1. Scan 209, 202 and give me the residue that is within 15 Å of the ligand (Cβ to nearest atom) and outside any strand (DSSP E or B).
2. Taking the range 333-359 on its own, how many of its residues are surrounded by 14 or more Cβ atoms within 10 Å (Cβ to Cβ), away from the ligand (no atom under 16 Å from the Cβ) and either part of a loop (DSSP other than H, G, I, E, B) or of a type in the set (A, V, I, L, M) (or both)?
3. Can you find a residue in the range 365-372 that is within 24 Å of residue 293 (Cβ to Cβ), out of contact with any Pro (no Cβ under 6 Å at 6 or more places or on another chain) and crowded, with 22+ Cβ neighbours inside 10 Å?
4. Please determine whether any residue of the range 343-366 is closer than 23 Å to residue 251 by Cα and of a type in the set (Ser, Thr, Tyr).
5. Looking at the range 42-87 only, could you name the residues that are crowded, with 24+ Cβ neighbours inside 10 Å, β-branched (Val, Ile, Thr) and in a helix (DSSP H, G or I)?
6. What pairs can you find where one residue is in the range 200-216 and more than 18 Å from residue 28 (Cα to Cα) and free of Cβ contacts under 8 Å to residues at least 60 places away in the same chain, the other is of a type in the set (Lys, Arg) and away from the ligand (no atom under 11 Å from the Cβ), and their Cβ atoms are less than 8 Å apart, with a gap of 6+ or different chains?
7. Determine whether the range 92-113 contains at least one residue that is modelled with pLDDT of 95 or more, under 24 Å from residue 205 (Cα atoms) and assigned to a helix (DSSP H, G or I).
8. Determine if the range 178-194 includes at least one residue that is closer than 30 Å to residue 359 by Cα, crowded, with 18+ Cβ neighbours inside 10 Å and in contact with a Phe, Trp or Tyr (Cβ under 8 Å, 6 or more places away or on another chain).
Amino acid sequence: MPAVTPEHEEIRRSVREFVEHEVVPIANDLDRQEAQIPEPIIQKMAELGYFGIIFPPEEGGMGLDYVAMAIVTEELSRGWLSVGSVMTRNLITGSLIHNNGTPEQKKNFMPRIARGEVMTAAAFTEPDTGSDTASLKLRAVKHGDGYLLKGSKMWCTFANRANILTVMTRTDPDVSKKHRGLSLMLLEKTPGDDFAPPHLTGSRIPTIGYHGMNSFALSFDDAFVPAANLIGGKEGQGFYQLMNTYEAARIQTAARGVGVAQAAYECAVKYAKERTQFGVPIGNHQVIRHKLAHMAVEIEAARQLAYFAASQKDTGKRCDYEAGLAKVFAAEMAERVTREAMQIHGGYGYSMEFNAQRFWRDARVLSIFEGTSEIQLEVIGRRIMEQ
Ligand SMILES: Cc1cc2nc3c(=O)[nH]c(=O)nc-3n(C[C@H](O)[C@H](O)[C@H](O)COP(=O)(O)OP(=O)(O)OC[C@H]3O[C@@H](n4cnc5c(N)ncnc54)[C@H](O)[C@@H]3O)c2cc1C
């Protein structure tokens with residue numbers, strides 16, 4: 001059976017309608033103002049069920065497959081990468097709880113996360129530790145009926161807006177235990193830019209793009225998490241829980257790359273038909289026409305890789321290899337395609353008045369987060385050597 005069915009195409013049509021009406025008209029202005037995604041867009045996404053797309057209806061989700069998740073993500077990202085990314089957080093936290101949570105955690109958190117009634121943020125990366133997850137340091141020390149968190153996190157995107165921070169902590173003080181000493185915890189908080197001083201403070205990290213969501217450096221100073229919020233109820237499982245969840249997050253990131261590249265391609269095609277130089281539309285010059293052809297080839301290849309990885313994930317089998325292939329290719333493809341879209345716009349490509357530069361700035365992050373390209377190549381390469 002093909003990965004993409006008529007039902008999937010119907011989902012694509014409905015997401016595209018939402019994006020064309022609600023996102024495309026405002027994305028460039030909001031990006032220029034470095035304004036966050038407006039609340040009504042998040043509310044509408046929640047009503048449409050996007051935050052719980054892959055979770056079962058009994059947990060508040062839509063019960064759709066990973067191919068549907070990839071298509072929804074692609075279409076949202078075609079409008080604005082930030083909008084395509086806002087659901088990533090709830091999908092990560094929701095998957096962690098759905099796959100590993102205690103029955104109480106599933107009952108308490110899943111419906112609210114799946115319905116988008118609460119927003120979550122992922123606090124994994126630290127100032128000194130990114131790719132090497134097993135070396136994370138933020139401590140969780142037993143205290144009464146819970147834990148006190150002490151340490152720093154870096155790049156926690158959407159931390160201000162979130163009701164729940166999903167924090168990777170070190171529960172075992174013996175750092176030589178590496179990944180075996182890590183545990184994931186859910187820190188509940190009130191949304192807002194002021195966080196919860198003195199126990200939790202945050203400062204925004206200025207970035208070149210991805211402006212619809214802000215990323216924060218966070219400082220935890222004895223922030224309390226009840227023991228009931230230790231995911232799975234057992235210490236030392238956090239690393240394994242996260243690695244499993246990364247498969248879906250990487251497929252989603254590949255789909256984000258496809259969406260951003262598609263948007264850049266469409267605006268380049270339009271411009272190539274409208275802009276005249278040497279008496280003809282620039283698309284009539286073979287070099288420009290071939291640029292568009294290369295862009296189309298690359299986007300479709302990345303799209304099919306993303307759907308392939310998603311369909312593998314739908315079988316329930318391990319798919320870090322397939323997710324890695326899709327993520328590394330789509331992220332780097334998006335950089336190339338958005339660069340070419342800018343080039344086709346000539347000087348106007350460099351102007352903030354045109355969308356091309358936004359796609360290029362946004363695309364640049366895709367090979368950095370959710371595991372850098374270098375780390376994806378390691379994942380892929382190790383699997384090859386195991387065969
Ligand atoms: C806009 C943005 C949003 C983000 N949002 C979040 C978020 O919400 N939550 C969160 O937890 N994190 C988030 N991150 C952090 C992101 O996941 C990390 O930046 C990423 O994992 C890389 O970690 P690092 O920055 O510490 O780089 P490092 O790990 O220090 O890597 C530096 C360089 O060395 C390379 N490198 C590292 N190890 C190896 C190796 N073994 N072999 C070969 N090369 C290697 C890397 O590929 C990279 O090129 C975000 C980052 C950005 C830029």
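The values are calculated or read from the model by the stated rules, or taken from the named source; none is laboratory data. What you see is a predicted model; the values in this text were computed from it and never measured. Reconstructed Cβ throughout: ideal geometry from the backbone, glycine too, with neighbour counts over all protein chains shown.
1. From the options 209, 202, the qualifying one is 209.
2. The total comes to 9.
3. Yes, the range 365-372 contains a residue that is within 24 Å of residue 293 (Cβ to Cβ), out of contact with any Pro (no Cβ under 6 Å at 6 or more places or on another chain) and crowded, with 22+ Cβ neighbours inside 10 Å.
4. The answer is no, given that none of the residues of the range 343-366 is closer than 23 Å to residue 251 by Cα and of a type in the set (Ser, Thr, Tyr).
5. Matches in the range 42-87: 67, 71, 72, 73, 83, 86.
6. The qualifying pairs are 200/189.
7. yes
8. no
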